[in-house]
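Following: one structure in structure tokens, then a few remarks.
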Amino acid sequence: MELAATAAAAPFLTDDQANRLKAARDYAALVTTLFEAQGAARPDDHHPPDDSQGGANGEPSDRRADSRDRREPSRGREKQPLAEPVPPQPARAVAIAALPVPVPLAVAVPVAERAPSVALSIAVPLPLPLPRRPVPQQRVPALAQSRGPQPPPEPQSQSQPESEPQPQPHSVSRKPAALVTPVINRTINRIYTGNISTAATEATIRGLFSKVGFIKELSMTRDPDLNTHKGWCFLEYDAPEAAAAAVRLLDGAELDGRNIKVKYTNAYTDDIWRHFPPRFPTRVYFANVHDLLAEDEMRELFAPFGTITQFSLCPDTTTFRHKSYGYVEYETALAANRAVQTLDQVEIGGERLLVTPTLVGGPFPEGMQGLSRFPRPRVVPPPLYPGPRPALPKFEAEAPSPVLLLCNMVQPHEVDEDLKVDVEEECARHGAVQLLVVHVNTALPNETGVRVFVKFASVAEREACQGVMHGRFFGGNRVTATEYSLDRFEARDYDA
């Protein structure tokens, strides 16, 4: 059997479809052979009359005689042809409707090769449905594509071999990248606290740790047998600066007769900060703000140290009050350093204000004006404790200082005479050094336990040396260089 299809339809046939067409051809040939062997069937042969009914004249039919006549045509009456002889034809087309191909195919069945007087048009059913034609690759939309109209694919260059695969326009890069996931973001805000006294309650823990920032979550596991907590808990802050301040300031603090242990969780590593944008040297974090103070009042407190570009006292959408912490961004890094050195640990309304540089960058948070986009809470928050409104201290803008403060150079036990000589020799390259003081305070952490003060002849020389020394490594330690108040230096206040 041959295919009576056009040449355009051939590329759409797979090997499986060709095999099924071959099976259809054999089936058609078998049916043709059976009809040729039995002869042309009469119309009433398909529906023989019932023996219980009569024939054409009401008489019962004789099946045996009819069968004998069929077996021995020479002895019985001569058969009459059913129709006029059909002229010989080369082949008749048998339509295969079950093929799911884009163009109709036809199977030419040579039913009249040996019996020219008989020609049948046979609809050949296929044994099994054929599989669907595979969809071209360009019709399958990629997952990364949008639902909108897509640009047409670029044509393949003729110089490129056909065997080389073409890159997909929306292929996903599997190269690992530093991404800020919720787990990573939670790690820098979460701390562990241990050695907690059984007399300590959740309220006392919140009262101590809220001095460095807003506590987002406090998880304390309790012992069902003793009906007490197990002596440890986890705290999660809103800001990473609060978690770092808790580890730095509250580790070893006394709580209900015990010195608690405060540290980061086991998921924290030193290289986790690479996932975040670098910090802004002009941005400052402050916390432990009195509940009765407003955003405008806190802005006036930070205004004397430089031009403020952005200020935010972070709001709480559940109580429509501030969260006792915020951010301020100055025009210059020098103004930010002055604010940190002057306002850190300043007492306002019986509470000490925490002011520290930020640790990560990112967009500036929204202040109290963002509450206008939220509906008022249905539950009325508890009223604030009564008391007088705290008075803010007044600070005057101090002139730039020629004194440079160097920290994190060596440990307290590593201080010797060579340290003073090396620092003076290095700083003398940027200006005239008038006085150099090495101050050691073992009560402070190792990063700030050794402070080196360098007084230059002018502010410009101090700024030039500060730009070179800040961030350099000295004995494997990264040096921090900041400006120090001239009045405090002359008053020998080296621990401020």
Computed label-point distance, nm, for sites D251 and A496 using a 7 Å Cα→Cβ extension: 2.8 nm
Quick one: if the Förster radius is 25 Å, what FRET efficiency do Q310 and R389 give, using the C-beta to C-beta distance and rounding to 0.05? 0.45
The alpha-carbon pair-distance distribution computed for region 290-419, with 10 angstrom bins and whole-percent values, is 10, 34, 30, 17, 7, 2, 0
On the full set of protein chains, 1.4 Å probe, figure out the accessible area of E347 and give it in Å² to the nearest 10. 110 Å²
Dimensions in Å of region 276-328 - Rg and Dmax from alpha carbons: 12.0, 34
Sort largest first and round to whole Å: the equivalent ellipsoid semi-axes of region 405-494, each the square root of five times a Cα gyration tensor eigenvalue. 19, 15, 12
Treating only the Cα positions of region 215-267 as identical point scatterers, give the base-10 log of I(q)/I(0) from the Debye formula at each q in 0.24, 0.32 Å⁻¹. -1.07, -1.26
At 0.36 nm per residue, and after removing the present C-alpha to C-alpha distance, how many nm does the segment from A18 to D225 gain when stretched out fully? 66.8 nm
Accessible area of region 273-392 with a 1.4 Å probe: how many percent of it is carbon plus sulfur? 56 percent
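Compute the accessible area per residue over region 353-483, keeping the other protein chains in place, probe 1.4 Å, unit Å².
58 Å²
Given 0.36 nm per residue, what is the gain on full extension from D344 to W232 after removing their alpha carbon distance, in nm?
That works out to 37.4 nm of additional length.
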Value in Å of the Kirkwood radius, where region 352-464 supplies the Cα pairs that are averaged: 19.2 Å
Reachable lysines from K394, Cα under 20 Å, same-chain residues fewer than 8 places away excluded? none
Could you tell me the distance between the Cα centroids of region 407-482 and region 245-291, to the nearest Å? 25 Å
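The values are calculated or read from the model by the stated rules, or taken from the named source; none is laboratory data. From a predicted model like this one, the values you see are computed outputs, not experimental measurements. Note that each Cβ is placed from the backbone with ideal geometry, even for glycine, and that neighbours are counted across all protein chains shown. Accessible surface is based on the protein model in full, side chains and every heavy atom, while ligands, DNA and RNA are left aside. Shrake-Rupley method; radii C 1.70, N 1.55, O 1.52, S 1.80 Å.
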